[in-house]
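No value in this document is a laboratory result; all are computed from the given coordinates. The structure displayed is predicted, hence computed values, not measured ones. We place every Cβ from the backbone using ideal geometry, glycine too, and count neighbours over all the protein chains shown.
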Protein chains: 2
Amino acid sequence: MIRSLAQRYLPELDAHMRRVVDSMPAAPEFDVMLRYPLGWVNADGSANHQPTGKRIRPILLLLSTEAAGGDWTAALPAAAAVELLHNFSLIHDDIQDDSPTRHGRPTVWTVWGRANAINAGDAMFALSYRALEGLAARMPAEIVLNVYQIFTQTNLELTRGQHLDMRFERQRRVSVEEYLSMISGKSAALVAACAQMGALIGSRDQDTARHFADFGLNLGIAFQIRDDILGIWGDPQVTGKSAATDILARKKSLPVLYGLEQDAELTDLYDQEPFDSAHVERTVQLLNKAGALEYAQATETTYYQRALEALSRAKPIGEAEKGLRLLAETLFQRAY
Amino acid sequence: MIRSLAQRYLPELDAHMRRVVDSMPAAPEFDVMLRYPLGWVNADGSANHQPTGKRIRPILLLLSTEAAGGDWTAALPAAAAVELLHNFSLIHDDIQDDSPTRHGRPTVWTVWGRANAINAGDAMFALSYRALEGLAARMPAEIVLNVYQIFTQTNLELTRGQHLDMRFERQRRVSVEEYLSMISGKSAALVAACAQMGALIGSRDQDTARHFADFGLNLGIAFQIRDDILGIWGDPQVTGKSAATDILARKKSLPVLYGLEQDAELTDLYDQEPFDSAHVERTVQLLNKAGALEYAQATETTYYQRALEALSRAKPIGEAEKGLRLLAETLFQRAY
């Protein structure tokens, strides 16, 4: 059913995003840099038909519009905006993390260098605001301004989350509380904004939109914790990454932070240089002994339950309500 | 008189910008990264009272509001937005150009590294949109949306200009026409937007705002050409840079592009590796022989005249009209 939702929304979303990107003042090579991360062209400018990313955020936004009683086509400009914004943040993240590949292709900075990738990200950021302009055709200007405000607040949250994430890499001890504050910004804020903006466009009611925001925020946190679990215990055949990649990179994800709080041996181990596959194996053993998997699963479940409670308070309606519940379930049930 | 204008506007502008930046969700080290480039703190977080930059763009915006018959205090959110946006672009430019200093201080990336500087720039970008939100308190929502549109279009122009600037560095031949298209985006678009947004806020009239935009665009181009002249023939004691710095960096500025079109010896010379002070001296000789200074001066004068003509069509009023003419004159008469 998620696939049928995607099939319903994605062709129009894609067409809308293309119109927004086409409105950018042209320069041949720059055109390619902006369309490449969206999966529309290859690095040489030839057409590409292999989509990048699952467009989960715009689907969540459009479902929220419908579930709040509105017409999803009126929300397409906002759906395009969140997907462009998500891609902006990936382009800059990949530079900041020195990541060579994404979705199985070289990252923008790998192809065109860091200076161009910074600029392409900046353009994608501006294009996300350009996308929002389309809302005014079918909505009162006051509501549109409100959507802009939510969007900008989200962008500020994203940069704060990114700051904390980078700082935690250099910080020896990070508390579980600090970690949850970081992922609220870096991962969950945009998910919250999708639900909130979608519902505001659909209902034009601030209270409804706030319940949807609460749903999205908790869903986004649960989603990130599931990612943390998959990064350690995920089946390489399912995740497409090698086993325990996050441990080899010594990420301070939730299960690790919990383990570090429980076990002094783990704390010493995680500081060692060099850190090779034997260290990875021992770390996973100690995490298992500390009950880090069970802790992370329980925390994930808590946020997932909060998300569902918020969704009930939001009083979603129609087929889209089922769609939202199914989307949440699908994200929650990703295998490991 | 420019100083008296600045004294009139700047304390309130500064207070307004501080309120916007203070609205950012906090993180101690991040707070410093955002306030440092604005000249409010030193890198260690201690207070700094040496201002960075002359705030020419917000002054132009506020003058345009008054000259278009409006109350400049209603335009403070937009004035804060353009100054924050200008600072965003400087933070990212300095990474892209590997520039170690700005305004006599280490650049953001020099102090905190490239990854943090990318993120600080992104936050400053989002803060510029946050600033615009303040307009709604004193203006119809439709006008505010219009200001957002001009602002976003400017951001897209900026990234296009930045793309062309970086591409021209690697491109052997650049035409004068290509160059003017680049500086229209990179340097003049924001100046145009200042005049246009200010006038729109002051008059709520699109036609008036368009004449102001035309004034700003031509002024911005003239301003950049003057910068190009100063980068070659500027008196080191006045510019604060060593003589002919732009030639040593082999910038493809307007006088150079003109010279390259006139003189084959210069074309060969400009390709040589290594390129030292003897090459710089010979280049300046050949530029002088080709009449590159006179050409650049004539081009600058053309754009300056166009700016003044557009200003007349805009029918500015009151003391602010004199202020705008004085601002233009002051920028035009920078010594070399």
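Observations
- Size of charge dipole - chain B - debye, nearest 20, with Cβ of Lys, Arg +1 and Asp, Glu -1, no other charges: 580
- Among the chymotrypsin sites (Phe, Trp or Tyr not before Pro) in segment A:240-288, those located in a DSSP loop and surrounded by at most 16 other Cβ atoms within 10 Å of their own Cβ are A:PHE275.
- Within the shell of other residues whose beta carbon sits under 15 angstrom from the beta carbon of B:ASN48, the net charge comes to +1, with Lys and Arg scored +1 and Asp and Glu -1.
- Local electrostatic count, A:LEU190, Cβ distance below 12 Å [Lys/Arg +1, Asp/Glu -1]: 0
- Dividing the mean sequence gap of close Cα pairs (under 8 Å, 6+ apart) by how many residues segment A:202-336 holds gives a relative contact order of 41 percent.
- For the B-to-A rotation axis, chain B residue with nearest beta carbon and its distance in angstrom: B:ALA141, 2
- Amide H contacts of A:VAL41: A:TYR36, A:ASN48, each under 5 Å away and 5 or more positions distant or on a separate chain (H built 1.01 Å from N in the peptide plane; Pro and chain starts excluded).
- Spacing of the two label points (7 Å from each Cα toward its C-beta) at A:GLN305 and A:GLU273, in nm: 4.4
- Reachable lysines from B:LYS322, criterion Cα separation under 21 angstrom, eight or more residues apart if same chain: B:LYS54
- Shown in residue order for segment A:129-145 are the 3J(HN,Hα) couplings computed by the Karplus curve 6.51 cos²θ - 1.76 cosθ + 1.60 at θ = phi - 60°: 6, 4, 4, 4, 4, x, 4, 4, 5, 10, 8, x, 4, 5, 5, 4, 4 Hz (x for Gly and Pro).
- A simple rule links phi to the HN-Hα coupling: the Karplus curve 6.51 cos²θ - 1.76 cosθ + 1.60 with θ = phi - 60°, which for segment B:244-256 gives 6, 4, 5, 6, 4, 7, 6, 5, 8, 8, 4, x, 5 Hz, with x for Gly and Pro.
- When segment A:2-332 is described by a simple charge dipole with +1 on each Lys and Arg Cβ and -1 on each Asp and Glu Cβ, the residue from A:ALA222, A:SER64, A:GLY161 located farthest towards its positive end is A:SER64.
- Around B:ALA296: net Lys/Arg minus Asp/Glu count, Cβ-Cβ under 10 Å: -2
- A label point on B:PRO28, set 7 Å along the Cα-to-Cβ line, lies at 5.3 nm from each of its counterparts in the other copies, closest listed first.
- Length gained on full extension, B:ARG3 to B:SER23, computed as 0.36 nm times the residue gap minus the Cα-Cα distance: 4.2 nm.
- Mean separation of Cα contacts under 8 Å (6+ apart) over length of chain B, as relative contact order %: 20
- Exposed-site-free run, longest, chain B (rule: trypsin sites (Lys or Arg not before Pro); DSSP loop; at most 13 other C-beta within 10 Å): B:55-171
- Only helices enter this figure: runs of n ≥ 4 DSSP H residues, each worth -39500 (n - 2.57), summed and divided by the residues of chain B, yield -23500 deg cm²/dmol at 222 nm to the nearest 500.
- Relative contact order (%) - criterion: Cα under 8 Å, at least six apart; region: segment A:161-249: 23
- Model label sites at B:ARG172 and B:THR73, defined 7 Å from Cα along the beta-carbon direction, differ in position by 6.2 nm.
- Nitroxide proxy distance, nm - points 7 Å out along Cα→Cβ at B:ARG138 and A:ARG210: 2.9
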